[in-house]
Amino acid sequence: MPPDLSRQKKANELFKRYDGNPILTVSDWPYPTNAIMNPGAITFEGQTLLLVRVEDMRGFSHLTVARSTDGFTNWQIDSSPTLQADPGAHEERWGIEDARLIWLEDQEQYAITYTSFGEGGPVISLAITKDFQNFARMGSLLPPEDKDACLFPRRFHGRFALIHRPIVRGEAHMWISFSPDLTHWGDHRLLIRTRPAFWDGSRVGLACQPIETEEGWLIFYHGVRVTTAGQIYRMGLALLDIEEPWRVLRRSDEWLLGPREIYEQVGDVGGVVFPSGVTIDKEANRLNLYYGAADSSVAVATAKLSECMDYVASCPTVES
């Protein structure tokens, strides 16, 4: 089919980069570090809270909280790492990274899913907190290799649901799995596939936490295309059924945000836009999308939630 040029134009204009980007850089950090990137994001006690991946001078990562009243400026950064690798956990031997944050409604506490790195490969781990100061570690959830995971904020028919990105037969698709207790996982289902020849043909993975709307679960995801000059990370969008989230209703053909600005093109890994957290201002009808830029800094882009929903409604339906 020929491209829908009007929808491509809408996709290109949907997100607006903040003029003050990048909002956080290494020069802002209160202790020595090599790079910062890929923050989980949530509204906490009336402020925007980012749980930022921080790479130290060994190349290992940990997580540190940054807070802002307006979500753009005057960030208050913890003076030391907030959540570090557990030295007694072999799966975290080489650090922890790329957190996604969600408020668990029934449990009335925050869930942090993050990637743990050890000799066995990357795995998804879970920590629970109520104050982002004290954390209960739940350990790894699924075997390696697995990344890019987040829980849904509520259960479905009594079960927790997790979107994640395992490597299966060398393929990097997004999956959804279910658990009665956050420990035992099963009913694994393929959710979003890579698409050969498309911008997301090599690898896909969840970007931000799922957003519940009347029309369904709004999902932002990253897609990777491998070129002769290297990999390009961009962001797309999908809509899942509200009560059966394993059903993908619509999916964008085009990307919505890709590396364009100098801070997205030049860094430790150029050509990377990696969204990992979002906050919603319902009164202003605005999404604040936080992302890692070139694996070296943190940036933000904004969009109107209503326009995102109008756009996804125009995207192609997905065959079950």
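The values are calculated or read from the model by the stated rules, or taken from the named source; none is laboratory data. It should be emphasised that the depicted structure is a prediction, and the values quoted were computed from it without experimental measurement. A quick note on method: Cβ atoms are made from the backbone with ideal geometry, for glycine too, and the neighbour counts reach across all protein chains shown.
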Notebook entry, point to check: Taking Asp106 and the conditions (1) at pLDDT 95 or above; (2) surrounded by fewer than 20 Cβ atoms within 10 Å (Cβ to Cβ), which numbered condition does it fall short on, given that it satisfies the others?
Noted result: (1)
Check: What residue, among those in the stretch 168-179 that are in a strand (DSSP E or B) and of a type in the set (Gly, Ala, Ser), is surrounded by the fewest Cβ atoms within 10 Å (Cβ to Cβ)?
Finding: Ser179
Margin query: I'd like to check which strands (runs of 3 or more DSSP E) are fully inside the stretch 110-167 and have at least 2 residues that are surrounded by fewer than 21 Cβ atoms within 10 Å (Cβ to Cβ).
Written below: 123-129, 135-140
Notebook entry, point to check: Just checking, which of Ala294, Ala284 is crowded, with 20+ Cβ neighbours inside 10 Å and more than 22 Å from His173 (Cβ to Cβ)?
Noted result: Ala294
Note to self: I need every pair where a residue in the stretch 13-38 that is within 30 Å of Ser306 (Cβ to Cβ) has its Cβ under 9 Å from the Cβ of a residue that is basic (Lys, Arg) and modelled with pLDDT of 95 or more, sequence separation at least 6 or different chains.
What the structure shows: Leu14/Lys304; Arg17/Arg260; Met37/Arg53; Asn38/Arg53
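So that you can scan it fast, the table gives a plain yes or no per residue for (1) in contact with an Asp or Glu (Cβ under 8 Å, 6 or more places away or on another chain); (2) of a type in the set (A, V, I, L, M); (3) more than 23 Å from Asn38 (Cβ to Cβ):
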position	(1), (2), (3)
Gly216	yes, no, yes
Glu244	no, no, yes
Arg247	yes, no, yes
Leu256	no, yes, no
Glu261	no, no, no
Item checked: Unique residue being touching a Lys or Arg at 6+ places or on another chain (Cβ under 6 Å) and among the aliphatic types (A, V, I, L, M) when the list is Ala238, Ala294 -> Ala238
Next item on the list: Report, ordered by the first and then the second residue, all pairs with beta carbons closer than 7 Å, sequence separation of six or more or different chains, a first member in the stretch 182-200 that is in contact (Cβ under 8 Å) with a residue 40 or more places away in the chain and surrounded by 16 or more Cβ atoms within 10 Å (Cβ to Cβ), and a second member that is polar (S, T, N, Q) and in a strand (DSSP E or B).
Entry: Trp185/Ser177; Trp185/Ser179
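Would you confirm whether or not the stretch 68-90 contains a residue that is assigned to a helix (DSSP H, G or I) and more than 25 Å from Gly271 (Cβ to Cβ)? Walk me through how you get there before you give the answer.
Let us first name the residues in the stretch 68-90 that are assigned to a helix (DSSP H, G or I), namely 90.
Imposing the further condition that a residue be more than 25 Å from Gly271 (Cβ to Cβ) reduces the set to 90.
Yes: the stretch 68-90 contains one or more residues that are assigned to a helix (DSSP H, G or I) and more than 25 Å from Gly271 (Cβ to Cβ).
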Check: Would you call Pro3 in a loop (DSSP other than H, G, I, E, B) and either under 22 Å from Gln76 (Cα atoms) or within 17 Å of the chain's Cα centre (by Cα) (or both)?
Finding: no
Next item on the list: Would you mind stating whether Ser80 is farther than 21 Å from Gly277 by Cα and modelled with pLDDT of 95 or more?
Entry: yes
Check: Among the residues of the stretch 172-184, how many are within 28 Å of Gly201 (Cβ to Cβ) and either out of contact with any Lys or Arg (no Cβ under 8 Å at 6 or more places or on another chain) or among the aliphatic types (A, V, I, L, M) (or both)?
Finding: 3
Note to self: Quick check on this structure: which one of Val204, Val224 is surrounded by fewer than 23 Cβ atoms within 10 Å (Cβ to Cβ), within 20 Å of Gly258 (Cβ to Cβ) and touching a residue at least 12 places away in the same chain (Cβ under 8 Å)?
What the structure shows: Val224
Next item on the list: Report whether or not Glu283 is touching a residue at least 40 places away in the same chain (Cβ under 8 Å) and among the acidic types (Asp, Glu).
Entry: no
Checklist line | Among the candidates Gly59, Gly46, residue that is surrounded by fewer than 21 Cβ atoms within 10 Å (Cβ to Cβ), on the phi > 0 side of the Ramachandran plot, touching a residue at least 24 places away in the same chain (Cβ under 8 Å) and among the small types (Gly, Ala, Ser) | finding: Gly59
